[in-house]
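The structure appears below as structure tokens.
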Amino acid sequence: MAKLTEEQKRQRAAKRALRSALEAETDDRRRRERDERWKREGTHLSWADYMAGEPCRGCGEPMYDGLGDWYPLMKLSELEKREYEEANQRYRERHADCRDARWSVSGSRVTHCCFCCPPPPMGPKQMEKLARLFSSWPSREESKKDLDTWDLTLRCDHVVPHIQHRERSHVSTRVVDCPECGERRGVVSSDRVGPAYRDDGTIRERSAADRERLARELAAAEAKLTRQQKSAAATQRRVAELQDELGSES
Ligand SMILES: [Zn+2]
Ligand SMILES: [Zn+2]
Ligand SMILES: [Zn+2]
């Protein structure tokens, strides 16, 4: 197979990134629709429902079966291994198209689907723990000095700013609101710009960064246009060749 040129590699990577951004948009839409439906139909169990032993309103299975966690497979008896395999098989059949992870309540063997089943409700103890955790976090003012701005290029070619903690080495957000399009859009690429706030806590003037960004966008758009023009010219040549061929045959 001929080796790919740098340009071909770049094009392939761009195509892959676009495809993955579109997939992320589809998943995002699907999740949001599901969340709406859950809200409408009251699919989430309250803590009281859960404690009363109500089954999962997503899949109908019990939330908690009291059978204890699955031990590592090696430690299961032959019968348990078979049960495990059968449960696994049933699960896979029911959730073949869910494209999502699984969850189960500790001490229980029933497996629930992250797409079909709302997560179990939080108990008072868990809430307390969470509240303590939140209060131990630095305030928004304090954390400003640790925040960086990133530029996210979306699949509509718009670029939007995104702020996150400096320690994070990449942006894991895959879909964001595009203010230009007024739609949720998949992220194709992300570039770290730098500190989001000045030392005095005010948001860093974006004008210089914005100008740079616009220049980058312009360069990218121009490069795209050149590629499209080249490809159009090639198609035109091909059309002419075919016309010639057709003409010489008749
Ligand atoms: Zn369930
Ligand atoms: Zn499912
Ligand atoms: Zn857009």
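Would you please state which residues of segment 125-158 a label at LEU214 would reach in this model, taking the label point 7 Å out along Cα→Cβ and a backbone N cut-off of under 20 Å?
150-154, 156-158
With a cut-off of at most 10 other beta carbons within 10 Å, and DSSP calling the residue loop, which GluC sites (Glu not before Pro) in segment 114-195 qualify? Please list them.
Passing sites in segment 114-195 are GLU167.
Could you state how much accessible area GLU241 has, in square angstrom rounded to the nearest 10, with a 1.4 Å probe and all protein chains kept in place?
90 Å²
Give the aspartates and glutamates whose C-alpha is closer than 18 Å to that of LYS9, dropping any in the same chain fewer than 8 places away, or say none.
Those aspartates and glutamates meeting the cut-off do not exist here.
Using a Förster distance of 45 Å, how high is the FRET efficiency between ASP100 and ARG227, based on the Cβ-Cβ distance and rounded to 0.05?
Values: r = 37 Å, r/R0 = 0.82.
Step by step, r from the Cβ atoms, then E = 0.75.
Normalized C-alpha radius of gyration of the chain, against 2.2 N^0.38 Å?
1.48
When Rg is the radius of gyration of the Cα atoms in segment 141-192 and Rh is its Kirkwood radius, what does Rg/Rh come to?
In segment 141-192, Rg relative to Rh is 1.01.
Would you mind putting 195-201, 157-163 in packing order, based on average other-beta-carbon counts within 10 Å, highest first?
Result, highest mean first: 157-163, 195-201.
About the Cα centre of the chain, what is the dipole size in debye to 20, counting +1 per Lys and Arg Cβ and -1 per Asp and Glu Cβ, all else neutral?
360 debye
Using +1 at the Cβ of each Lys and Arg and -1 at the Cβ of each Asp and Glu in segment 141-225, identify which of SER172, LEU214, GLY201 lies farthest towards the dipole's positive end.
Of the candidates, SER172 comes out farthest on the positive side.
Whenever you get a sec, compute what percent of the accessible area on the chain sits on carbon and sulfur atoms (1.4 Å probe).
Solvent-exposed carbon and sulfur of the chain make up 53 percent of the total.
Can you show me the helix-derived [θ] at 222 nm for the chain, built from DSSP H runs with n ≥ 4 at -39,500 (n - 2.57) apiece and divided by the number of residues, rounded to the nearest 500.
Calculated mean residue ellipticity at 222 nm is -16000 deg cm²/dmol.
Calculate one ³J(HN,Hα) per residue across segment 146-158 by plugging θ = phi - 60° into the Karplus curve 6.51 cos²θ - 1.76 cosθ + 1.60, and present them in order as whole Hz with x for glycine and proline.
9, 9, 10, 9, 10, 9, 9, 8, 9, 6, 8, 6, 7
Leaving out ligands and nucleic acids, and using a 1.4 Å probe, what accessible area per residue does the chain come to in Å²? Walk me through the intermediate numbers first.
Values: 18150 Å² over 250 residues.
Ligands and nucleic acids excluded, the figure is 73 Å² per residue.
The values are calculated or read from the model by the stated rules, or taken from the named source; none is laboratory data. In this text the structure is predicted, and so the values were computed from the model without any measurement. Glycine gets a Cβ as well: all are built from the backbone with ideal geometry, and neighbour counts include every protein chain shown. To get the accessible areas, we keep the full protein, side chains included, count just its heavy atoms, and leave off ligands, DNA and RNA. Shrake-Rupley method; radii C 1.70, N 1.55, O 1.52, S 1.80 Å.
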